[in-house]
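See below for the structure under consideration.
The values are calculated or read from the model by the stated rules, or taken from the named source; none is laboratory data. None of the values given here were measured: they were computed from a predicted structure. Ideal geometry is used to build each Cβ from the backbone, glycine not excepted, and the neighbour counts take in all protein chains shown. For the accessible areas, the whole protein counts, side chains as well, though only heavy atoms, and no ligand, DNA or RNA atoms are used. Shrake-Rupley method; radii C 1.70, N 1.55, O 1.52, S 1.80 Å.
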Amino acid sequence: MAKVEDATRAALEREDAEVLQHYYYQMLLLRRFEERTSEMYVKAKIGGYCHLNLGEEATIVGLMAALTPDDYIFTNYREHGYILARGVPPGPVMAELFGKETGVSGGRGGSMHLFDEKAHFMGGYAIVGGQVPLAVGAAYALKYQSKPGVVVAQMGDATTNIGAFYESLNLAKLWNCPVLFFVVNNGYGMGTSVAAGSSEPDLYKKGASFRIHGERVDGTNVLEVRDTVRRLREKAEKDGERRSWM
Ligand SMILES: Cc1ncc(C[n+]2csc(CCOP(=O)(O)OP(=O)(O)O)c2C)c(N)n1
């Protein structure tokens, strides 16, 4: 334990203070935003379903810190924090939750369908796994059009048990698409634990039969998430090398 703390302290000391402050600001913004969202949901100001990112702040901020403006993000329905950490202001995001026209999706999407094309934030999808093949398709498009960047397919742990996940992995590797599968393991899919729902509980190993490299990272360590994503993002960009191959 002491060794882990020493390593974390050393990593923090190597970082620029302003960068750390920025990460802290973003994580706090996400936490406060979700606390208010929870309050407004209980007061029935927000209609429909509403999923929170409470406790996932370091995972989200670490991911977004590693991405470039060229990159695209597709997420599941638990996405408030992702769009905020991508730099979209909280006003239009909260307006969307309230179903207002000034919301990021014109008030027609709500909590599960946040969208901002300028920020390359391609939504919020309510069908478990729905975002995964879409992300692979977008990555294929980047490659086909020789455009820079990678695509992130964010999902929860239980999503790795869905058929569309495996179809997506297969085509992503077969066509060498510049895509990163980002699995947020919060331990449960609804009330079902990872151990009860997945024959392979080490989720990062699930890409192995598709020859897709996987790594596990501590989602509560913002720097570790950022550095791991940075490294794997570069690999995804390189592996998905743009070339005219059709
Ligand atoms: C195809 C499909 N099946 C079932 C559901 C109902 N459902 C909504 S969330 C969820 C659990 C997903 O868990 P996970 O992928 O771990 O994400 P988390 O909610 O934990 O972030 C289920 C089964 C759905 N939305 N879509």
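Which one of these is away from the ligand (no atom under 16 Å from the Cβ) and open to solvent by 70 Å² or more (accessible area, probe 1.4 Å): K143, K205?
On the way: K143 fails: open to solvent by 70 Å² or more (accessible area, probe 1.4 Å).
Testing whether each residue is away from the ligand (no atom under 16 Å from the Cβ) and open to solvent by 70 Å² or more (accessible area, probe 1.4 Å) leaves just K205.
Matching residues to (1) closer than 29 Å to R9 by Cα; (2) acidic (D, E); (3) within 14 Å of the ligand (Cβ to nearest atom); (4) without any contact (Cβ under 8 Å) to a residue 12 or more places away in the chain:
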| position | (1), (2), (3), (4) |
| --- | --- |
| A138 | no, no, no, no |
| N170 | no, no, no, no |
| G197 | no, no, yes, no |
| D218 | yes, yes, no, yes |
| K235 | yes, no, no, no |
If you go through the range 155-183, how many residues are small (G, A, S) and in contact with a Pro (Cβ under 8 Å, 6 or more places away or on another chain)?
2
Look at the range 151-171 and say how many of its residues are open to solvent by 30 Å² or more (accessible area, probe 1.4 Å) and not hydrophobic (A, V, I, L, M, F, W, C).
5
M112 fails exactly one of (1) within 16 Å of the ligand (Cβ to nearest atom); (2) in contact (Cβ under 8 Å) with a residue 24 or more places away in the chain; (3) in contact with a helix residue (DSSP H, G or I) (Cβ under 7 Å, 6 or more places away or on another chain), namely (3)
Which condition number does S146 fail, the rest of (1) assigned to a loop (DSSP other than H, G, I, E, B); (2) under 20 Å from G48 (Cα atoms) being met?
(2)
Just wondering, is there one or more residues in the range 49-69 that are more than 16 Å from the ligand (Cβ to nearest atom) and open to solvent by 50 Å² or more (accessible area, probe 1.4 Å)?
yes
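Based on this model, can you work out whether V19 counts as modelled with pLDDT of 95 or more and under 18 Å from N221 (Cβ atoms)? Can you show your working first?
Values: modelled with pLDDT of 95 or more: yes; under 18 Å from N221 (Cβ atoms): yes.
Answer is yes for this residue.
I'd like the residue in the range 172-189 that is within 16 Å of G130 (Cα to Cα) and within 16 Å of the ligand (Cβ to nearest atom) and, out of all such residues, is surrounded by the most Cβ atoms within 10 Å (Cβ to Cβ). Give the steps one after another, and end with the answer.
Pass one, the range 172-189, residues within 16 Å of G130 (Cα to Cα): 172, 179-184, 189.
Pick out the ones that are also within 16 Å of the ligand (Cβ to nearest atom) and you get 181-184, 189.
Numbers: F181: 26, F182: 21, V183: 20, V184: 20, G189: 19.
Checking each candidate, the answer is F181.
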Condition broken by A126, with the remaining ones in (1) within 16 Å of the ligand (Cβ to nearest atom); (2) open to solvent by 30 Å² or more (accessible area, probe 1.4 Å); (3) under 22 Å from I46 (Cα atoms); (4) in contact with a helix residue (DSSP H, G or I) (Cβ under 9 Å, 6 or more places away or on another chain) satisfied:
(4)
Working carefully through the options G107, G91, find the one that is part of a loop (DSSP other than H, G, I, E, B), open to solvent by 10 Å² or more (accessible area, probe 1.4 Å), of a type outside the set (D, E) and away from the ligand (no atom under 15 Å from the Cβ).
G107
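Can you name the residue in the range 149-168 that is more than 16 Å from the ligand (Cβ to nearest atom) and in a loop (DSSP other than H, G, I, E, B) and is also farthest from Y204 (Cα to Cα) among such residues?
Step one: list which residues in the range 149-168 are more than 16 Å from the ligand (Cβ to nearest atom), which gives 149-151.
From what's left, in a loop (DSSP other than H, G, I, E, B): 149-150.
On the way: G149: 23, V150: 19 Å.
Looking at the filtered set, the residue picked out is G149.
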Could you say which residue among V217, V229 is in contact with a helix residue (DSSP H, G or I) (Cβ under 6 Å, 6 or more places away or on another chain), assigned to a loop (DSSP other than H, G, I, E, B) and not polar (S, T, N, Q)?
V217
